[in-house]
There are 2 protein chains.
Amino acid sequence: MYHSPTERLEYDPPVAWNTQETRQKLLAAASTHFSRSGFAGGRVEAIAREAGINKERIYQYFGNKEGLFAAVLESEVERLLDGIDITGAGADALGTLAGDLFDRAAQHPRLVRLLLWESLELAEPVSASTRGAGCARMVAALEQAVPRSDARGGADTLLSVIGIAFADTCLPHLSRLISGSDSPEDRRSAVVQQARRLA
Amino acid sequence: MYHSPTERLEYDPPVAWNTQETRQKLLAAASTHFSRSGFAGGRVEAIAREAGINKERIYQYFGNKEGLFAAVLESEVERLLDGIDITGAGADALGTLAGDLFDRAAQHPRLVRLLLWESLELAEPVSASTRGAGCARMVAALEQAVPRSDARGGADTLLSVIGIAFADTCLPHLSRLISGSDSPEDRRSAVVQQARRLA
DNA sequence: CAAATCTCCAAACGTTCGGTTGGAGTTTAA
DNA sequence: TTAAACTCCAACCGAACGTTTGGAGATTTG
């Protein structure tokens, strides 16, 4: 195995196999890069370098750059709503939901960013059937927690709570122009308050 | 002036000057391409071809690709909220605002897309001071129309109404997974209804 | 133990891309 | 009328990029 003169090692140990770890390292690095720069702005070479894996392995495991991007989205975007349940009833339910969503976005900003890149760069969502099923469950739970007369109340409410909770993550520049630099605590409090009003 | 054999003309008329038109054509084509594909995915060559202008002109007028992108954002993103005033009071004011925002997004989807690309691809917003002033005026008007006790009510309300109004434009895939393929009329109605509840 | 298969690598390839150059013609100014 | 300045173009350049190739070594199989 040849190294360039500037990094020639005294002894190159042979490379042991670790198929699962290789794949996971590539996915983790790809998640970072695609979250930051999107599909078009992400660089295969830079992803591989950060993973510490040869970029040829990307083609072996994922097919191509598009396959890698899809794999990242498949593993990440479901996590956005994963484990967030509807608890309580009425205004409490909506406030808690909004707070949980806000916290999720605050702790994992890359998830919302990946969702946005998916929206802008893909014609169709990834994992549509499983994500659709997850959303349907949330809608049904919301309809139980916040009963309403109109037939689509659950779906409309869920979408509005998401819109409120993610407004500053989806549109950070506009948010800052509107609200100034308020603290995450203040922002969270406002999100919970506004969502409660939808009851 | 040389043309390739496949498009050799019998006679090449010399090119007259039209500096303003050239610039506008480039901006229009750039708006289309950057709205669709973002900065990283937009192609200078493709933009120039669509404008019918030599791509070297882009460097003359805008400096580089980044300058072109900034020029597009500067001319487009202010149009998103431009001319949208707060009318009425209470729930009516919020409902009308949400409806107007929804209509603006529906009629000019490229504006929201450009806003999203700005959010994802730029560290700072363009035209921050003029946009900030415009937002401050809207916040003040909202505080008049929907008086509230908390000090930041106007800003929080505006951001929430925007979040509700643009939820399906910002996150179209997630919206469709949640709501199914409802009609724009139904979607608009839901947006107005939900926004009214924030009063 | 040897052959087959698999994983991993460095290097290379062909294409794409943003940006520049040399020059032709248009318009303006003296 | 001529020179200067400006606008516009085709072609080009160097770098970047996604993808492939040839081969070395690790692991599995018979």
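The values are calculated or read from the model by the stated rules, or taken from the named source; none is laboratory data. Note that the structure is predicted; figures quoted are calculated from it, not measured. Every residue, glycine among them, receives a Cβ derived from its backbone with ideal geometry; neighbour counts consider all protein chains shown. Surface accessibility is based on the protein's heavy atoms, side chains included, excluding ligands, DNA and RNA. Shrake-Rupley method; radii C 1.70, N 1.55, O 1.52, S 1.80 Å.
Distances between copies at A:Thr87, taken between label points 7 Å from Cα along the C-beta direction, are 4.5 nm in increasing order. Were the residues from B:Asp186 through B:Ala16 laid out at 0.36 nm apart, the gain over their Cα-Cα distance would be 56.1 nm. A 1.4 Å probe run over region A:81-196, with the rest of the protein chains in place, finds 39 Å² accessible per residue.
Straight-line cross-link partners of A:Lys55 among the aspartates and glutamates, defined as a Cα under 17 Å from its Cα and at least 8 positions apart when in the same chain: A:Glu21, A:Glu45, A:Glu66.
With a 1.4 Å probe and all protein chains left in place, how much accessible area per residue does region A:5-75 have, in Å²?
Spelled out: the 1.4 Å probe surface of region A:5-75, per residue, equals 62 Å².
The A and B chains share an interface that buries close to 4600 Å² of accessible area, total over both sides, probe 1.4 Å. Scaling against 2.2 N^0.38 Å puts the C-alpha radius of gyration of region A:70-183 at 1.10.
Summarised as an ellipsoid, the protein assembly as shown has semi-axes of 39, 32, 19 Å, derived from the eigenvalues of the Cα gyration tensor scaled by 5 and square-rooted, with the largest first.
In the assembly of identical copies, B:Pro14 has its label point, taken 7 Å from Cα in the direction of the beta carbon, separated from the corresponding points by 7.4 nm (ascending, one decimal). In nanometres and ascending order, the distances from the A:Pro109 label point to those of the other copies are 2.9 (point 7 Å from Cα along Cα→Cβ).
Take the Cβ atoms of A:Ala128 and B:His108, set R0 to 30 Å, and the FRET efficiency comes out at 0.65. Helical runs (DSSP H, four residues minimum) scored at -39500 (n - 2.57) apiece and divided by the length of chain A put the mean residue ellipticity at 222 nm at -21500 deg cm²/dmol. The percentage of C-alpha pairs in region B:34-136 whose separation is greater than 20 Å is 48%. Of the residues in region A:36-50, those shielded by at least 10 Å² of accessible area once partner protein chains are present, compared with the chain alone at a 1.4 Å probe, are A:Ala40, A:Gly41. Within the accessible surface of region A:114-187, defined with a 1.4 Å probe on protein heavy atoms only, the carbon and sulfur portion equals 56 percent. Temperature 25 °C, viscosity 0.890 mPa s: under these conditions the Stokes-Einstein estimate for chain A, based on its Kirkwood radius over C-alpha pairs, is 128 µm² per second. To the nearest Å, what is the center-to-center distance of region B:72-90 and region B:113-167, using C-alpha atoms only? Taking the Cα centre of region B:113-167 as reference, the centre of region B:72-90 is 10 Å away.
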